[in-house]
Amino acid sequence: MSTCYLSIVIPAYNEEDRLPDTLVKVSAYLSRQSYDWEIIVSDDGSEDETAAVVRNAASHTANLRLLTLPHRGKGSAVKHGMLAAKGQHRFLCDADLSMPIEFVETLLPPRAPTTDIVIGSREAPGARRIGEPLRRWLMGRLFNAMTQILAVPGISDTQCGFKVFNASAAQILFPLQTLDGFAFDAELLFLARRLGLIDW
């Protein structure tokens, strides 16, 4: 069994501007934890200096890895990152770090239920959206409404970039993923429910 407790998987496409600050914050937070961890940046064929940024950060962050992929979409980057990860818990984190990394604690034992998958929600009671354009929010709400009707009823925010999969769930789910684009989240949750990995 892997001794790595937590893998942070960050999909990235042309993120040379946002990644440096994100990697500093994530590695600083993880360095204060008592468990073993790793960060995987899954580079979706970036055309800027994303890879160079990660390599530079890795020169002074031993637990940081770069996964270089052809450009196929965020779903593909997440899939390959999750399958390359070694952690007992595998955490999806967007490159813009739209939620503070400290919130990962709420998705891990003992604060979260011991389940195969735990997802964050920007629609949960008390949740706040900061700096999100109204148009993007409206489009997200429309997509989520359609997704609830057609695929995963009861899940109010399929697109939230904060999700944790335990190792066994990741190894079952991600080989089955077929979508490379933005709707990959909904596909994963649909598959997870069908396989009995989530019951809500």
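One residue is enough: does region 193-200 have a residue meeting the conditions in contact with a strand residue (DSSP E or B) (Cβ under 9 Å, 6 or more places away or on another chain), at pLDDT 80 or above and assigned to a loop (DSSP other than H, G, I, E, B)?
Yes, the conditions are met somewhere in region 193-200.
Could you say whether any residue in region 68-84 is in contact with a strand residue (DSSP E or B) (Cβ under 6 Å, 6 or more places away or on another chain), free of Cβ contacts under 8 Å to residues at least 12 places away in the same chain and over 26 Å from Thr115 (Cβ atoms)?
Looking through region 68-84, none of the residues is in contact with a strand residue (DSSP E or B) (Cβ under 6 Å, 6 or more places away or on another chain), free of Cβ contacts under 8 Å to residues at least 12 places away in the same chain and over 26 Å from Thr115 (Cβ atoms).
One line per residue, one yes/no per condition, for (1) under 12 Å from the mean Cα position of the chain (by Cα); (2) in a strand (DSSP E or B):
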residue: Ser34; (1), (2): no, no
residue: Ile39; (1), (2): yes, yes
residue: Leu66; (1), (2): no, yes
residue: Leu83; (1), (2): no, no
residue: Asp94; (1), (2): yes, no
residue: Met99; (1), (2): yes, no
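Does Asp44 count as more than 25 Å from Pro109 (Cβ to Cβ), surrounded by fewer than 16 Cβ atoms within 10 Å (Cβ to Cβ), modelled with pLDDT of 95 or more and touching a Leu at 6+ places or on another chain (Cβ under 8 Å)?
no
Please go through region 71-95 and pick out each residue that is within 19 Å of Glu16 (Cα to Cα) and in contact with an Asp or Glu (Cβ under 8 Å, 6 or more places away or on another chain).
Within region 71-95, His71, Arg72, Gly73, Lys74, Ala77, Ala95 qualify.
Can you list residue pairs whose Cβ atoms sit under 8 Å apart, with the first residue in region 89-116 being without any contact (Cβ under 8 Å) to a residue 40 or more places away in the chain and the second being assigned to a loop (DSSP other than H, G, I, E, B) and surrounded by 13 or more Cβ atoms within 10 Å (Cβ to Cβ)? Count only pairs 6 or more apart in sequence or on different chains.
Between residues of region 89-116 that are without any contact (Cβ under 8 Å) to a residue 40 or more places away in the chain and residues that are assigned to a loop (DSSP other than H, G, I, E, B) and surrounded by 13 or more Cβ atoms within 10 Å (Cβ to Cβ), the close pairs are Thr106/Ala112; Thr106/Gly120.
Across region 115-130, which residue is farthest from Ala170 (Cα to Cα) among those that are part of a loop (DSSP other than H, G, I, E, B) and at pLDDT 65 or above?
Thr115
Which residue pairs have Cβ atoms under 9 Å apart, sit 6 or more places apart or on different chains, and have a first residue in region 15-38 that is under 19 Å from Lys86 (Cβ atoms) and a second that is in a strand (DSSP E or B) and among the hydroxyl-bearing types (Ser, Thr, Tyr)?
Cβ pairs passing all conditions: Trp37/Ser7; Glu38/Ser7.
Evaluate the following for Asp43: is it among the acidic types (Asp, Glu) and assigned to a strand (DSSP E or B)?
yes
Would you pick out the residues in region 61-95 that are among the small types (Gly, Ala, Ser) and closer than 22 Å to Arg32 by Cα?
Hits for region 61-95 are Ala62, Ala85, Gly87, Ala95.
The values are calculated or read from the model by the stated rules, or taken from the named source; none is laboratory data. For clarity, every value in this text was computed on a predicted model and none was experimentally measured. In this analysis, Cβ positions are derived from the backbone assuming ideal geometry, glycine residues included, and neighbour counts consider all displayed protein chains.
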